[in-house]
Structure formats: structure tokens, C-alpha cells
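This report concerns only the one structure given below.
The values are calculated or read from the model by the stated rules, or taken from the named source; none is laboratory data. Keep in mind that this is a model prediction, so the values were computed, not measured. Every residue, glycine as well, gets a Cβ built from its backbone with ideal geometry; the counts of neighbours run over all protein chains shown. These area figures cover heavy atoms from the full protein model, side chains too; ligands, DNA and RNA do not enter into them. Shrake-Rupley method; radii C 1.70, N 1.55, O 1.52, S 1.80 Å.
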Amino acid sequence: MKIIKNSILALFFLLPFVVADLRVNFYTATCPRAESIIRQLVQKRFATDSSITGALLRMHFHDCFVRGCDASILIDSTKNKSSEKSAAPNLTVRGYELIDEIKKSLEAACPSTVSCADIVTLATRDSVVLAGGPNYAAPTGRRDGLVSNPHDVNLPGPSFSVSQALRSFTVKGMTLNDMVTLLGAHTVGFAHCNFFQDRLSNFQGSRSPDPSMDPALVSKLSTLCAASNNPTTFLDQNTSSTFDNQFYNQILFKRGVLQIDQELASDTSTAGIVSGFASNGVRFSQSFATAMLKMGSLQVLVGNAGEIRKNCRAFNPAKSKNQIMLRGL
């Protein structure tokens, strides 16, 4: 049964091959080994750190939901200007060194050709596949943004209600089903204690744990979070390193770690979607692939817009007054 399941998850789902001005195999002529180089380096990292899947999914989401999928999250702050990396929601984003390693290899093979935005998109897809998730054809052709401003970072938080989170998604043109689906990425996610500690002892000022959390999980996490170094825990307390639908089963059993995750199971607008994904892993995988393609096309820069960075952590030297003024935003 497990072999059959893995075979189904490994299929390329029949999804649109063109999204906006992006297209599958965009680099076939200009850098034919691009996707294989990315895949090999992601495989190398995954072999020693399977948590990289959750890290890349978070990076990709935090990038696309700010200025679109333009790799603006990768820019380092300088002494004169802060970047998105310095915004509070991004302080625990990780995986940047893997993107650097991939970019270095691609620059050696095809200088100034493959964008950092496409690297993040493809590396995320490849890491999902390695964790057991769906393999989907990801259109490429994104270009890298010229702006990275911490004040632009306004992401849905872990304590949001379903209605609050949905507003963040609908602004980006995403649906309720997209939201429930993409939060399913928490099946390989993890969080620091400070993102959920209020649920363990003083939920909404009640001086008691969140009643919607399984008492056994409250006890387990309270022991973990008693440490002073703000430790992390997996958001799927069952199959933590496998990309599957068990996250949805966990929240049905009141074992959601983040408040927003648990509310998906109790809110009347999302409970049916949760139950459907919990009982049908293939449906979740198909929905996830579709939602990732949709998110990956948000506000993309194509054609002559933006640039192809040589170093993902820094903008290329400005060539025009317009670029200089834009980066001053």
C-alpha cells in the first residue's frame, strides 16, 4: 500500500504549463542543466537535513506574499538600508545558504541567466518531492526584484483567526481552499515556542491553556518550552518529516500547535475542507500542487522587468537613475 501511495504522490500532476508569462523549461536553451543542478544540490542538503523542506516552503511563502515571487526576501540589510530579512516575521526564516550554494553553481555554469526567484521556486518544489509530496511542473522565467523593504512585510500571523488569515490571502487573489491547502505545508513545518507559548498557560489572558489543544500536547509542549533558548517543535506531531495529509488528521484530534492551524478544524468555513484532506491524501497533494503554482505566479517580474542577480543577497550595481531611485524606496 505504501509503495502505491508513494507512486501516486510522485506523479507529475496535469497542471497548466503556462502561468502568466512564465513557462515550463524556460531555461532549456540558455541553461539546459539549470533544473538538474538545483535538484542535485537540494538532494544533497536533504540527505543531511530533511527539515530543509519546511524551511524552503516558509521562505517561498514569505517571499511571494510580500512583493510577489521576486526573491526580495534574500537581500541582506546594509548599514544604510534594512531589507525584508530584518522584519520580525522573517527573523527565523532559514535556508539562505542553500540558495547561495545553488546560485554559485548556476553562475559557474550559466552566468547571469537563472534568477534567484526561480531558484527559490524550484528548490522548494524539489524539497517537497524529496519529502514525499507531489511532483509538479513548475513554470519559470521570473526575474529578481529591485526593492526589499522591511515595512512591506505584512504576513498572516500564527495567532490569526481564519477570517483574519483569509483576508491576507484574498488580497493576493487566493481562495479559502488555497489557504487551507497551503497551510497544509505545516505537515513538514516547525515553530519556535514564542509563536504558540500563550496557548500553553495563558490563552487570551485566561491564565489557562487553550481548551482547543489536547491536554497531553499542552503538557508535552510546556516541558519543551520551559527551556530558555526558545526551542522548536514540529507542527505535525505524527509524521513530522514526511509530506503527507497527517497534519489535517492531527488538527482534527486537537493537536494543532499554532492557533491558526487548530482553528482550521473548528471554523465552519474550513472544517469541511480539513476533513476532506484528512481522509484523502491524493486530493490534498493535487490541491497543494495547484495552489503552489498559483502562489508562485503572484506579481512575478518577467521580460525586461527587474534583473537577474549575480548574488542573491545583493542587488546588482544600479545601471540607471531609475534603478537608483527605486532602490531608495
222 nm mean residue ellipticity, helices alone, for the chain (DSSP H n ≥ 4; -39,500 (n - 2.57); rounded to 500): -13000 deg cm²/dmol
Per-residue ³J(HN,Hα) for the range 100-114, Karplus 6.51 cos²θ - 1.76 cosθ + 1.60, θ = phi - 60°, Hz, x for Gly and Pro: 4, 5, 5, 4, 4, 5, 5, 5, 5, 7, 8, x, 6, 10, 9
Efficiency of FRET between Q164 and L224 - r from beta-carbon atoms, R0 30 angstrom, step 0.05: 0.65
Rounded Å value of the spacing that divides the Cα centres of the range 116-171 and the range 48-112: 11
Residues of the chain: accessible area per residue with a 1.4 Å probe, Å²: 45
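Please compute the volume of the convex hull spanned by the alpha-carbon atoms of the range 220-273 and report it per residue in Å³.
About 85 Å³ per residue, rounded to a whole number.
Exposed loop trypsin sites (Lys or Arg not before Pro) only (DSSP loop, at most 11 other Cβ atoms within 10 Å): please give the longest stretch of the chain free of them, not including the sites. Before the final figure, lay out each step's value.
Working: sites that count: K79, R207, K319.
Looking at the chain, 80-206 is the longest stretch - no exposed trypsin sites (Lys or Arg not before Pro) with at most 11 other Cβ atoms within 10 Å.
How would the range 60-203 be classified by its alpha-carbon gyration tensor: rounded, prolate or oblate, with rounded meaning a/c under 1.5 and the a/b versus b/c comparison settling the rest? Show your work: numbers first, answer last.
Values: a/c = 1.72, a/b = 1.38, b/c = 1.24.
Here the range 60-203 falls in the prolate category.
Could you work out the local net charge near E35, counting Lys and Arg as +1, Asp and Glu as -1, over the other residues with Cβ closer than 11 Å to its Cβ? Walk me through the intermediate numbers first.
Numbers: positive: R33, R39, R125; negative: D118, D126.
The answer is +1.
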In order through the range 47-52: 3J(HN,Hα) via Karplus (6.51 cos²θ - 1.76 cosθ + 1.60), integer Hz, x for Gly, Pro: 4, 10, 8, 5, 6, 5
Overall dimensions of the range 119-191 by Cα: Rg and Dmax, Å: 14.5, 36
Probe 1.4 Å - accessible area at I273, Å² to nearest ten: 40
Net lengthening on full extension, S266/Q43 (0.36 nm per residue, minus Cα-Cα): 76.6 nm
Whole-Hz couplings from phi, Karplus 6.51/-1.76/1.60, listed for the range 293-303; x for Gly and Pro: 5, 5, 5, x, 9, 5, 6, 6, 9, 9, x
Members of K44/K310; K79/K220; K220/K294; K79/K294; K81/K104; K79/K103 lying beyond 32 Å, as alpha-carbon distances in this model show: K79/K220; K220/K294; K79/K294
Nonlocal amide H pairs with L301, under 5 Å, H built at 1.01 Å: R143
Amide H within-cut-off set for N135, under 5 Å, with H built and near neighbours excluded: L11, F13
Percent breakdown of C-alpha pair distances by 20 Å bin, ordered from the shortest bin, for the chain: 31, 58, 11, 0
Apportionment of accessible area to carbon and sulfur, the chain, percent (1.4 Å): 57
Estimated Rh, the range 152-264: Kirkwood, alpha-carbon pairs, angstrom: 14.5
The range 30-137 shape via C-alpha gyration tensor axes, a/c threshold 1.5: oblate
The chain: angle of helix 215-225 to the longest principal axis, Cα-based, in degrees nearest 10: 50
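Given all pairs of different Cα atoms, what value in angstroms does the Kirkwood hydrodynamic radius of the range 267-306 take?
Working: mean 1/r = 0.0817 Å⁻¹.
Its Kirkwood hydrodynamic radius stands at 12.2 Å.
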